[in-house]
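Inspection log for the structure reproduced underneath, given as structure tokens.
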Amino acid sequence: MPHGTEIGHFALALAFGLTITQALALFAGARSSSAGMIRLGWQAAIMAFILVVISFAMLTLAFLRSDFSVALVASHSHSLKPWLYKVSGVWGNHEGSLLLWVLILTLFGALMAGQLRRISDGRSTMAYALSIQGMISLAFIGLILFTSNPFLRLTSLPDDGNGLNPILQDPGLAFHPPMLYLGYVGLSVGFAFAVAALIEGRADARWAVLARRWVLLAWAALTAGIALGSWWAYYELGWGGWWFWDPVENASLMPWLVATALIHSLRVVEKRNLFHSWTVLLAILGFGLSLIGTFIVRSGLLTSVHAFTNDPTRGIVILVIIMIAVGIPLMLYAMRAGTLGRDTMAEAPALFSRETALQANNLLLVVTTVTVLTGTLYPLVIEAVNGARISVGPPFFEASVGPLLGLMLFFLPVAPLLAWKQASFSKIWRQIWPMLMITAVLLAIVLMLISGMNAFAIATIGLGIWVMTGVAADLFAVMGLWRQHPTGAWRRLRGIPLPRLGMNLAHLGVAVFTIGVAGVSFFDDEVIKRLQIGDHMTSGDAQFTLTSVAPVIGPNYNATAATVIKTAANGESSEFISEIRTFPVARSQTTEAAIQTGFLGDTYVVFGGGTPEEGFVIHIYEKPFITWIWGGAGLMVIGGIITMLGHPTRRQEA
Amino acid sequence: MICRLISQALMVLIMVMMVSLSGSLFSALPTPAHAILPEEQLTNPADEARARALANELRCLTCQNQTVDDSNSDFAITIRSIIREQITNGKSDDDILNYLRQRYGDYILFSPPFNRMTMVLWLTPIIVLILGLGIIIWTRPRLASAIDDRKIK
Amino acid sequence: MTFRPVFIIPVLVFFLFVGVSLWGLLAITNGNRDTQSIGFSMQGQTIPSVTLPLLKVTDQDEFSLNNWQGQAYAINVWASWCPPCRAEAPAIERLSDHLPVLGINQRDEQENALGFLNTFGDPYTAIGVDRDGRASIEIGVQALPETLIIGPDGTIILHHRGPIFANEMNGVIRDALITLGITP
């Protein structure tokens, strides 16, 4: 279709108009309780989504068909690229990724429209929220149309594209941004609800029930997105490094921390009609940090290996959007937050209660977020103040965030045991002392099996085990075993309410993640040797023999492949093939690692080049329990989704 | 009902994933050329570990936010050999870091030194924690008194 | 409407963030802020002592900074594969009219280096060969080209990162020379 991209462009412009309609009609409709205006608004939201889908599809078609008359395709694609990477190339650049962002924004808008259509209770809140969502959509569509148009054509048709950075030709790129954006953009729904609450002067239990499902979905997606990014970086940018506290990584972590606090805070609003102003603030900050994250990746403000594009002018435009989108709600918050909880009849909880525990959890998460934000921006602040340049890297973040997370992990298993309003220490002690015993015993076993553990390793593993005992304790409670009624225990477990199951899965995920971090941070190993063909080297209790180094031709690269055979202590053998690839079009080189993934960790073999005369360099890394890092994240995602699915849809069930 | 089925299906999925991960998955996935060469390494493992740790604390000044240990650039390679030479000559970690700091400033250190300029940074967690606790405590009692006021009315 | 001052804190912190970011971005767009610069130089410190093999024979027996105590001189770090080094060659020539310029040839092949000097001229009193880049790091050099001006007592009067053009000659170089009592 020669005019495909023009259609895409036109569809986007129409969508712009529709989101304006959506925002205005819903706002007016909610204010004047006009059912007709509200209907117009949510219909506009659905139409806007359909149009953005068309627009996105046109851009994707242009990439798939290698239509190099489109400037974006010419600069970021190539005819020889495999189709998956042509598609992922759509969002592997600034303009296309903004269109993906808008696609997901309007998707959530359409889903919210669907809910608005169905519900009878809380319609005005929902209408305001969808209106705010429309405003965000229109801001981003406007940003694309006026500053970052992906549909621009070239006047002369090049023979072929400039290809894509070969490091980005990886399944990780295909899935990481969409998942991450689902999370970032999903938080916009929570944000919209928060602004709606400020407009209506009400953030009560009904509001919280409406909002929490959306936030759970966004949180789960964000967890998955960050985990995918970390996994991708593990293979792409480091040799076993999975987190570097790079500004872009921090930019994704901060909304996640706030979203975690938000889910827990919403629960308190739902259940006890307290913490209204905290929760609304968290919801605004969550999406605010998502926007700031987008901003940092594109503006060139901070140096990063991950930076998408370094365009300070675009950065200023995005900053202006952020100033309006976050500044106005925060000013509204300053003026009206005091009214949010005025109708509550809830009594103040005792100091020893679940509310306080959740409050403490929120506080710690917020402190961690502020710490990460300060660390990320501090070099900039210092430079603004006196021109000096300093670096704030992993040592700072590990030293400051570590203890905070440790504190949270310490309290995590205790909180679900505490009763609302007033908890009794003697009651929970019955459950805590077995948890402590089991943790101590298991930790002692670990200490006996593994030598040379330092205090940090012991603490981290201990905390992971401790959280696991907490999950077991709660499941025991569900089964009624604490009250010693073994009959029917299994039935009770099978009938576990989904939110409780989800919570325990997510908390289990945290524990698994913690142990994964301990394993790979304290017990990893690296051996580097120069080998001739036929030589061998040892890593762990296995022997690795270099059997061949041979040329390989790929679809858009030439490579040299080294084959290493591992013979384990039990005689099992496995083959590792690691390549150094040269991409003639992009004129760059990448090294492909060969990874053996197992439940107990990874073995990671990398070919470092060389010649027959001087020998070939082979690196072998042992990464114990690294799979638990992503396994733990996966459990968290599943826990979040299960909780979302089982979440009450009406206030009465909360 | 459907929700329960979905959740049970997800549980099965987790089990399948765990089982399959415990097998062997081979993949060829991209990484940049690895930085350390065997010849660079020191023979004494403790010294070599020190050298790697130090290199991980230093910023590669000709790269985009990478450590000297990670980077392939000429600058990083030379810094690494300087580190190893100085370790072999008996210099302490502080000596080596100061040597580089004297020439390149605090920017080359990924762990900012604790001084008047960076005090706020290092103390951020404590400051914010105390501030947060303060705000929570300050905004708490009013709730109880607001209820009391209403009850009195 | 109950208004409580504590709720202003988030807005204030937010606008602080916006302010800092805006400063940073405007500074980049105005060209005042080079995100690549490390913001530090050895200016004010004493030049470390460095001895290197000579690139070629001159009237100097050796390349050693020890021999230059009591006089002012300049050090220019360059390589044949470095394009800005070619561009600044005329400026270095002019600099050598005012005080002796020592060259440090970094990470280069001898033939390429000599070829460079043939094409662009050789203003250097002596040229030391820094094969692996260590000597450059010893004197705090990060990239190429860099030029240092050293006073008679060994203090680094000027440490300039990057090439030298008319701007620098009329600016920082001129100032440094005046400090040394040399009329440019």
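Residue-by-condition table, conditions (1) within 13 Å of chain C (Cβ to nearest Cβ); (2) surrounded by 13 or more Cβ atoms within 10 Å (Cβ to Cβ); (3) not polar (S, T, N, Q):
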site: B:ARG103; (1), (2), (3): yes, yes, yes
site: B:LEU109; (1), (2), (3): yes, yes, yes
site: B:PHE114; (1), (2), (3): no, no, yes
site: B:MET117; (1), (2), (3): yes, yes, yes
site: B:LEU121; (1), (2), (3): no, yes, yes
site: B:VAL128; (1), (2), (3): yes, yes, yes
site: B:ILE135; (1), (2), (3): yes, yes, yes
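Among the residues of segment B:60-83, write down those that are farther than 21 Å from C:GLN106 by Cα and not polar (S, T, N, Q). Within segment B:60-83, B:ASP69, B:ASP70 qualify.
Yes or no, residue by residue, for (1) surrounded by 24 or more Cβ atoms within 10 Å (Cβ to Cβ); (2) aromatic (Phe, Trp, Tyr):
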| residue | (1), (2) |
| --- | --- |
| A:TYR234 | yes, yes |
| A:GLY241 | no, no |
| A:GLU249 | no, no |
| A:HIS264 | no, no |
| A:HIS276 | yes, no |
| A:THR279 | yes, no |
| A:GLY286 | yes, no |
| A:SER299 | yes, no |
| A:LEU319 | no, no |
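With respect to C:LEU65, determine if the residue is within 14 Å of chain B (Cβ to nearest Cβ), crowded, with 21+ Cβ neighbours inside 10 Å and within 29 Å of B:CYS60 (Cα to Cα). So C:LEU65 does not fit the description; no. Of everything in segment A:201-216 that is surrounded by 23 or more Cβ atoms within 10 Å (Cβ to Cβ) and within 14 Å of another protein chain (Cβ to nearest Cβ), the residue that is farthest from the chain's Cα centre (by Cα) is A:ALA203.
As for segment C:29-45, it holds at least one residue that is of a type in the set (S, T, N, Q), without any contact (Cβ under 8 Å) to a residue 12 or more places away in the chain, buried (at least 16 other Cβ atoms within 10 Å of the Cβ) and within 14 Å of chain B (Cβ to nearest Cβ).
Being at the interface with chain C (Cβ under 9 Å from one of its Cβ atoms) and either within 20 Å of A:ILE226 (Cα to Cα) or in a loop (DSSP other than H, G, I, E, B) (or both) is the filter here; which residues of segment A:297-331 pass it? Within segment A:297-331, A:GLY300, A:LEU301, A:LEU302, A:THR303, A:ASN310 qualify.
When we screen C:ARG94, C:ARG134 for residues that are at negative phi and without any contact (Cβ under 8 Å) to a residue 12 or more places away in the chain, the only hit is C:ARG134. Scanning segment A:62-93 for residues that are part of a helix (DSSP H, G or I) and surrounded by fewer than 19 Cβ atoms within 10 Å (Cβ to Cβ) yields A:LEU64, A:ALA71, A:SER75, A:TRP83, A:LEU84, A:VAL87.
In the condition set (1) without any contact (Cβ under 8 Å) to a residue 60 or more places away in the chain; (2) within 21 Å of A:PHE16 (Cβ to Cβ); (3) surrounded by fewer than 19 Cβ atoms within 10 Å (Cβ to Cβ), A:GLN43 is compliant with all but (1). Candidates A:VAL248, A:VAL269, A:VAL258, A:VAL215: the one that is of a type in the set (Val, Ile, Thr), in a helix (DSSP H, G or I) and without any contact (Cβ under 8 Å) to a residue 60 or more places away in the chain is A:VAL248. Out of A:PHE576, A:PHE544, one residue alone is over 22 Å from A:THR260 (Cα atoms), out of contact with any Gly (no Cβ under 9 Å at 6 or more places or on another chain), within 12 Å of chain B (Cβ to nearest Cβ) and not in a helix (DSSP H, G or I). It is A:PHE576. Identify, from the list A:GLY601, A:GLY639, the residue that is touching a Lys or Arg at 6+ places or on another chain (Cβ under 6 Å), under 25 Å from A:ILE515 (Cβ atoms) and not β-branched (Val, Ile, Thr). Going through A:GLY601, A:GLY639 in turn, just one is touching a Lys or Arg at 6+ places or on another chain (Cβ under 6 Å), under 25 Å from A:ILE515 (Cβ atoms) and not β-branched (Val, Ile, Thr): A:GLY601. Residues considered: A:THR547, A:THR560. Of these, the only one that is more than 22 Å from A:ASP170 (Cβ to Cβ) and out of contact with any Phe, Trp or Tyr (no Cβ under 6 Å at 6 or more places or on another chain) is A:THR547. Inside segment A:345-360, residues that are out of contact with any helix residue (DSSP H, G or I) (no Cβ under 6 Å at 6 or more places or on another chain) and either closer than 15 Å to A:LEU282 by Cα or within 13 Å of chain C (Cβ to nearest Cβ) (or both) make up a count of 2. Considering segment C:4-14, the residues that are surrounded by fewer than 16 Cβ atoms within 10 Å (Cβ to Cβ) and within 7 Å of another protein chain (Cβ to nearest Cβ) include one that is modelled with the highest pLDDT, namely C:VAL6. When the helices (runs of 4 or more DSSP H) confined to segment A:407-520 are screened for residues that are closer than 30 Å to A:VAL366 by Cα, those reaching at least 2 such residues are found at A:425-449, A:455-479.
Working only within segment A:560-575, note down all residues that are farther than 15 Å from A:PHE616 by Cα and not β-branched (Val, Ile, Thr). Within segment A:560-575, A:LYS566, A:ALA568, A:ALA569, A:ASN570, A:GLY571, A:GLU572, A:SER573, A:SER574, A:GLU575 qualify.
Return a yes/no flag: does segment B:69-76 have any residue that is among the acidic types (Asp, Glu), crowded, with 21+ Cβ neighbours inside 10 Å and assigned by TED's automatic domain parsing to the domain that holds B:ASN44. Yes: one or more hits.
Across segment B:32-55, which residue is nearest to C:ALA79 (Cα to Cα) among those that are at the interface with another protein chain (Cβ under 8 Å from one of its Cβ atoms) and in a helix (DSSP H, G or I)? Looking at residues that are at the interface with another protein chain (Cβ under 8 Å from one of its Cβ atoms) and in a helix (DSSP H, G or I), I get B:GLU39. Among the residues of segment A:597-648, which ones are under 30 Å from A:ALA211 (Cβ atoms), more than 11 Å from every other protein chain (Cβ to nearest Cβ) and not in a helix (DSSP H, G or I)? Residue satisfying the conditions is A:PRO648 alone. The combined condition, being within 13 Å of chain C (Cβ to nearest Cβ), in a loop (DSSP other than H, G, I, E, B) and not β-branched (Val, Ile, Thr), is not fulfilled by A:LEU274.
The set of residues in segment A:368-421 that are within 27 Å of A:PHE513 (Cβ to Cβ), within 7 Å of another protein chain (Cβ to nearest Cβ), hydrophobic (A, V, I, L, M, F, W, C) and more than 19 Å from the chain's Cα centre (by Cα) comprises A:LEU377, A:VAL392, A:PHE396, A:LEU404. Restricting the first member to segment A:146-158 and to residues that are part of a loop (DSSP other than H, G, I, E, B), and the second to residues that are acidic (Asp, Glu), the beta-carbon pairs closer than 8 Å and six or more apart or on different chains are A:SER148/A:GLU95; A:ASN149/A:GLU95; A:PRO150/A:GLU95; A:PHE151/A:GLU6. The condition of being in contact (Cβ under 8 Å) with a residue 12 or more places away in the chain, outside the structural domain of A:GLY462 (by TED's automatic domain parsing) and in contact with a helix residue (DSSP H, G or I) (Cβ under 7 Å, 6 or more places away or on another chain) holds for only one of A:VAL617, A:VAL512, A:VAL564, A:VAL606, that being A:VAL617. A residue that is on the phi > 0 side of the Ramachandran plot, surrounded by fewer than 19 Cβ atoms within 10 Å (Cβ to Cβ) and outside the structural domain of A:VAL517 (by TED's automatic domain parsing) occurs somewhere in segment A:376-393.
The values are calculated or read from the model by the stated rules, or taken from the named source; none is laboratory data. No experiment lies behind these values; they were computed from the predicted model shown. Methodologically, a virtual Cβ is constructed for each residue, glycine included, from the backbone with ideal geometry; neighbour enumeration extends over all protein chains shown.
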